[in-house]
């Protein structure tokens, strides 16, 4: 592992941009292609938006972890909210609550996540809530950049933990 970045975030949309930017920083330093960086930013943004829109946790916070390896980044988002069951999800494009007493068309985020991710797993968080784990394979600007990332991908990873309130 190159670096593990853990964020303990309030369920507040104001932190989505910050989280996307933090996720981008190391990828730029590693010279990952811009299209891959944008995919990671969109994955992070969608996962955080989903927690803020749907989790409804009593603690009003959630955890985001980004683990950077040479071949991939692993993004894990864990909340302790209501949780959900994939089989109970409404179909894409179906009307659903907008959270403000109205309705909206929804379900497109799942298609986005599936399209951008190389692996996508949802699990139930004990005692309640959801953990989403996404893997995104990294493409580098050059073979030299990939080789440099390989040299940084050791068992002695850096760790950064941030808690925002």
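Considering region 22-77, the residues that are without any contact (Cβ under 8 Å) to a residue 60 or more places away in the chain, crowded, with 18+ Cβ neighbours inside 10 Å and over 17 Å from residue 11 (Cβ atoms) include one that is farthest from the chain's Cα centre (by Cα), namely 26. Note on region 8-56: residues that are out of contact with any helix residue (DSSP H, G or I) (no Cβ under 8 Å at 6 or more places or on another chain) and over 26 Å from residue 149 (Cα atoms) total 8. Candidates are the residues of region 104-114 that are modelled with pLDDT under 85 and out of contact with any helix residue (DSSP H, G or I) (no Cβ under 8 Å at 6 or more places or on another chain); the one that is surrounded by the most Cβ atoms within 10 Å (Cβ to Cβ) is 106.
Take region 55-80 and flag every residue that is at pLDDT below 85 and on the phi < 0 side of the Ramachandran plot.
Within region 55-80, 55, 57, 58, 59 meet the criteria.
Reported count of residues in region 105-119, each being free of Cβ contacts under 8 Å to residues at least 60 places away in the same chain and under 14 Å from residue 50 (Cβ atoms), is 6. Here is the figure for region 1-16: residues that are under 12 Å from the mean Cα position of the chain (by Cα) and free of Cβ contacts under 8 Å to residues at least 60 places away in the same chain total 1. Restricting to region 115-130, give me the number of residues that are assigned to a loop (DSSP other than H, G, I, E, B) and surrounded by 11 or more Cβ atoms within 10 Å (Cβ to Cβ). Total satisfying the criteria: 5.
The values are calculated or read from the model by the stated rules, or taken from the named source; none is laboratory data. From a predicted model like this one, the values you see are computed outputs, not experimental measurements. Cβ: placed from backbone, ideal geometry, glycine included. Neighbour counts: every protein chain shown.
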